[in-house]
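Asker: Here you go, one structure.
The values are calculated or read from the model by the stated rules, or taken from the named source; none is laboratory data. Small disclaimer: the values here were computed from a predicted structure and weren't measured. Cβ placement follows ideal geometry from the backbone for every residue including glycine, while neighbour counts extend to all protein chains displayed. Ligands, DNA and RNA are excluded from the accessible area calculation, which covers all protein heavy atoms including side chains. Shrake-Rupley method; radii C 1.70, N 1.55, O 1.52, S 1.80 Å.
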Amino acid sequence: IGGSLTKLAYYSTVQHKVARVRSFDHSGKDIENEPLYEISVQEEITARLHFIKFENTYIETCLDFIKDHLVNTETKVIKATGGGAYKFKDLIEKKLGLKVDKEDVMTCLIKGCNFVLRNIPHEVFAYQKDSDTEFRFQTNHPNIFPYLLVNIGSGVSIVKVETEDKFEWIGGSSIGGGTFWGLGALLTKTKKFDELLQLASKGQHTNVDMLVKDVYGGACQTLGLSGNLIASSFGKSTTADKEFSKEDMAKSLLHMISNDIGQLACLYAKLHNLDKIYFGGFFIRGHPVTMRTITYSINFFSKGEVQALFLRHEGYLGAIGAFLKGAEQDNPNQYSWGENYAGSSGLMSSTSPDVYPMQRSRSGTFDMLEMDRLERPLVNLPLLKDPSTYIPDTVDLTDDAMARKYWLTCFEEALDGVAKRAAASQPDSTDALERAEKFRQKYWNKLQTLRQQPFAYGTLTVRSLLDTREHCLNEFNFPDPYSKVKQKENGIALKCFQSVIESLDSLGWEERQFALVKGLLAGNVFDWGAKAVSDVLESEPQFGFEEAKSKLQERPWLEDSYSQWLERLKEGPPHKCALIFADNSGIDIILGVFPFVRELLSRGTEVILACNSGPALNDVTYSESLIVTERIAAMDPVIQSALREEKLLLVQTGSSSPCLDLSRLDKGLAVLVRERKTDLVIIEGMGRAIHTNYYAALKCESLKLAVIKNSWLADRLGGKIFSVIFKYEVPCK
């Protein structure tokens, strides 16, 4: 509880529907016309963290919410931190019948800061006032320590954070947010902090401040100082006999205090050899005018060497920390958590409050964040060349206005079709249509928010648009709208597997290598996420593997290093182990990927086949891949013996996205990659190899291949629809 806002953190379990697949017992039965496996929808309980803000004027409403929803008979204590924990202690204890356990503010703040830095990839941003997008997001470095936290409340605390539990207060100042508020109130007779900032944003400080050019008549060449630099804050008020406007005085005061804090922070950062400075506290609280002055100050005093960094969820740090202190016996830090875009309100720009109605109800809540506990801990792929500079996404839509407009429209136009498919995937459910409509509205609203505030959830990318859609589908209990499509396509493709293998085996070595690559690419055409393909698949049910091959661009391809790949196979030794990230179900995995896997195995290369942990579009999931592989092994001795001898290993990625973030992968996969000394990574598909990872640099050889099934993207890359990307990369020695 701060001076004006109460932040509440609580844990709940959420019931979700999940799609499960299970192999039929086919013993002694005619399986010709049976489906390949059984699909069932089951209830699963997952853990979720919720964070909500209330205005302190509505503290009673907040306590009613806690009493009605969150307090059970076992609750004896509520953890609280911040100045308001003392102020409202008696009210809380009386109303809730609980003991208030007050936690140290700084400990909570740092625990909360570490938590968001570790779990929210786009938590940190730099502020740029004059660019198209005010917020420039940073990629989280895998090692978040050490850093400097400058907390600007009434005064300023400067804390050096070295590890999870080791931090020290290294300095501070009594000149902080309270000084700005207090002096501002005396100068302008404005009592409210936000109103004072509003005045400052309209003011012109040069009317009040004495500049270098006022002293020297221009720039001071000998000292290298620009003429527009402030020489003396409020300096003009000593000589002028005129009244100064409230706006100008508020602006001058803001500059004076921000510059003071900025210089102090820079000196401490230099003294302790730190290059990451995070700013927080009520003085910042997402206000562009304070972020701008702090950014300018840090840039000036560090000569551009240090960047002022801000946090998307800065206001929640204390509440998150207090929650983590209370939940220590459950050790929330042993898990990975992911932001649930469906339930989080995202970052708002204070410069355009009218485009994003704050949706404040009478309860005073206006901001929410939800984090879902992921089933498995996520880590970096050990083969990333430099995890600290890895950026998964190829195009930043926050920056690229033309691309942003195109993709938002693209997702809007596809929405009705997605909602229809979701409803159709649950024909026995009485409320499927109603839920599908709620999903449609929710995702539509998210897209409108992103049109106005592209930075709401961090850097806007095609991946984040796809992930938000999956989150919204899950929220309304559509765990796997393509489960029946995948089941059918897997069944059809399996029937063709043997004839595809026979035809490949009849070819000479060089011809076979090309046919295998062509098969991989043709398989990749079968993507229900691409409108150009789903239209064909809906209107031409007989469209198959051979038809897909005929759609492919002839060589030379748009990106074509096939000759180098062939040369490597001819001249070089077999790879020790290949890691393959699979894409679509059906023809893609069965007739494209598996023949390729079989060839690698025959060369003496071990294979790790990685599939999504959860469903996304028609991508193959880990549990589906187990059944498919078992069926293929029954037909093919190469696959069968590789499974038996553990030369073919099936693993899950830890992801439920059509794209691929190599910095958030299942820990088990990372361990296996190290153990097997993986020296080849194959990434296939538009989502994994073009929207993401197109520029990803790895420590080992890699193949990135995909068919471009979107004409706008093809045009952007200088090709046509169904152009081929075949990118073989060897790291520089």
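Asker: Taking C113 as meeting all but one of (1) open to solvent by less than 30 Å² (accessible area, probe 1.4 Å); (2) under 28 Å from H141 (Cβ atoms); (3) in contact with a Lys or Arg (Cβ under 9 Å, 6 or more places away or on another chain), write down the number of the exception.
Answerer: Among (1) open to solvent by less than 30 Å² (accessible area, probe 1.4 Å); (2) under 28 Å from H141 (Cβ atoms); (3) in contact with a Lys or Arg (Cβ under 9 Å, 6 or more places away or on another chain), the lone unmet condition for C113 is (3).
Asker: Among the residues of segment 109-126, which ones are over 15 Å from the mean Cα position of the chain (by Cα) and outside any strand (DSSP E or B)?
Answerer: Across segment 109-126, the qualifying residues are L109, I110, K111, G112, C113, N114.
Asker: So which of Q426, Q487, Q448 ends up being open to solvent by 20 Å² or more (accessible area, probe 1.4 Å), touching a Pro at 6+ places or on another chain (Cβ under 9 Å) and either outside any helix (DSSP H, G or I) or without any contact (Cβ under 8 Å) to a residue 24 or more places away in the chain (or both)?
Answerer: So the residue among Q426, Q487, Q448 that is open to solvent by 20 Å² or more (accessible area, probe 1.4 Å), touching a Pro at 6+ places or on another chain (Cβ under 9 Å) and either outside any helix (DSSP H, G or I) or without any contact (Cβ under 8 Å) to a residue 24 or more places away in the chain (or both) is Q426.
Asker: For segment 217-330, list the strands (runs of 3 or more DSSP E) that sit wholly inside it and hold at least 3 residues that are at pLDDT 90 or above and open to solvent by less than 20 Å² (accessible area, probe 1.4 Å); which are they?
Answerer: Strands (runs of 3 or more DSSP E) meeting the threshold: 276-280, 307-311.
Asker: Let me ask you something else. Please go through segment 380-407 and pick out each residue that is under 18 Å from A697 (Cβ atoms) and within 16 Å of the chain's Cα centre (by Cα).
Answerer: N380, P387, S388, T389, Y390, I391, P392, D393, T394, V395, D396
Asker: What pairs come out if I take residues in segment 230-245 that are within 18 Å of L186 (Cα to Cα) and in contact (Cβ under 8 Å) with a residue 40 or more places away in the chain and pair them with residues that are part of a helix (DSSP H, G or I) and open to solvent by 50 Å² or more (accessible area, probe 1.4 Å) whose C-beta lies under 8 Å away, six or more apart or interchain?
Answerer: What qualifies is S245/N207.
Asker: Scan segment 127-176 for residues that are among the basic types (K, R), modelled with pLDDT under 95 and assigned to a strand (DSSP E or B) and jot them down.
Answerer: Matches in segment 127-176: R136 only.
Asker: Looking at L109, L49, L70, L149 in this structure, which one is in the same structural domain as F167 (by the TED database) and in contact (Cβ under 8 Å) with a residue 40 or more places away in the chain?
Answerer: Matching residue, one of L109, L49, L70, L149: L149.
Asker: In this structure, does D214 turn out to be among the charged types (D, E, K, R), more than 15 Å from F301 (Cα to Cα) and open to solvent by less than 30 Å² (accessible area, probe 1.4 Å)?
Answerer: Criteria not met by D214.
Asker: Let me ask something else about it. Among the residues of segment 142-156, what is the count of those that are under 14 Å from A269 (Cα atoms) and open to solvent by less than 30 Å² (accessible area, probe 1.4 Å)?
Answerer: The total comes to 4.
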